[in-house]
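Data block below; observations after.
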Amino acid sequence: MPRSIALVASGLFLAVATSLLLTGCGTGSIHTQPMVTSGVRLTPNPPKIYIAPFDTSTGRWLVGREGIELVDFKKDFQTNFVHQLEVRLNKLAPAEPRWVDDLPDHGWLVAGEFIAVDQGSRALRTAVGAGAGETTLQTKVYVYDLSISKTEYIMSFRTGVPDEKEGTGSGSGTAPAGLTAAGEPILTGMGLGSGLKLDTTRTCREICDVLKPYL
């Protein structure tokens, strides 16, 4: 093809690839419906617990940012969340981040999506208190037993749900897509609100508490 057309095509391809890399999005939908499977259980004492970056392409993000600032915030938040979850899960079994397209044949995989991330109002929390301006962090978690299936999760549950009766539950279903992302989890000072930092710690603790009885 003519050189000018080739350059345009190359530029478009690069733009699309960069967009997907920054947002951590893949193809398809992650909103899978769990199918109850009473006879399947997680294999105890996994050699490792792998963590896929939680999907940021859906959910409610009320963090006072738009455009590239929102993209950067989501990426930083995702990175920090996976790191904190890795630290927590290491208390149960050796844990490490792992992309869903590069999985071993044994161990557990913890994946998920952010349902709601609301930074709230620090001014209201300081001036009013009594729950005003509270932050919100809710996730949907999918747990896979890689020795059974890499594409169907054994159990799923919600975190950050006010009504505990609507929280945890088990089932199986097709693998959520769009869970890969660039970069590796690291400790960063991302300027996240103190409320969301506390929510991240609480959420990671919730996930560990749910998994602990299955070891």
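The values are calculated or read from the model by the stated rules, or taken from the named source; none is laboratory data. Quantities reported herein were computed from a predicted structural model and do not represent experimental measurements. All Cβ positions, glycine included, derive from the backbone under ideal geometry; neighbour counts span all protein chains shown.
Results for (1) touching a residue at least 40 places away in the same chain (Cβ under 8 Å); (2) in contact with a helix residue (DSSP H, G or I) (Cβ under 9 Å, 6 or more places away or on another chain); (3) of a type in the set (Lys, Arg), shown as yes or no for each residue.
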residue: TYR50; (1), (2), (3): yes, no, no
residue: PRO53; (1), (2), (3): yes, yes, no
residue: THR56; (1), (2), (3): yes, yes, no
residue: ARG65; (1), (2), (3): no, yes, yes
residue: HIS83; (1), (2), (3): yes, no, no
residue: LEU89; (1), (2), (3): yes, yes, no
residue: HIS106; (1), (2), (3): yes, no, no
Within segment 41-63, restricting to residues that are part of a loop (DSSP other than H, G, I, E, B) and of a type in the set (Ser, Thr, Tyr), the one that is surrounded by the most Cβ atoms within 10 Å (Cβ to Cβ) is THR56
Filter segment 64-102 for residues that are crowded, with 19+ Cβ neighbours inside 10 Å and assigned to a loop (DSSP other than H, G, I, E, B); the one that is modelled with the lowest pLDDT is VAL100
Of the candidates ILE5, ILE30, the one satisfying the condition of being assigned to a loop (DSSP other than H, G, I, E, B) and at pLDDT below 95 is ILE30
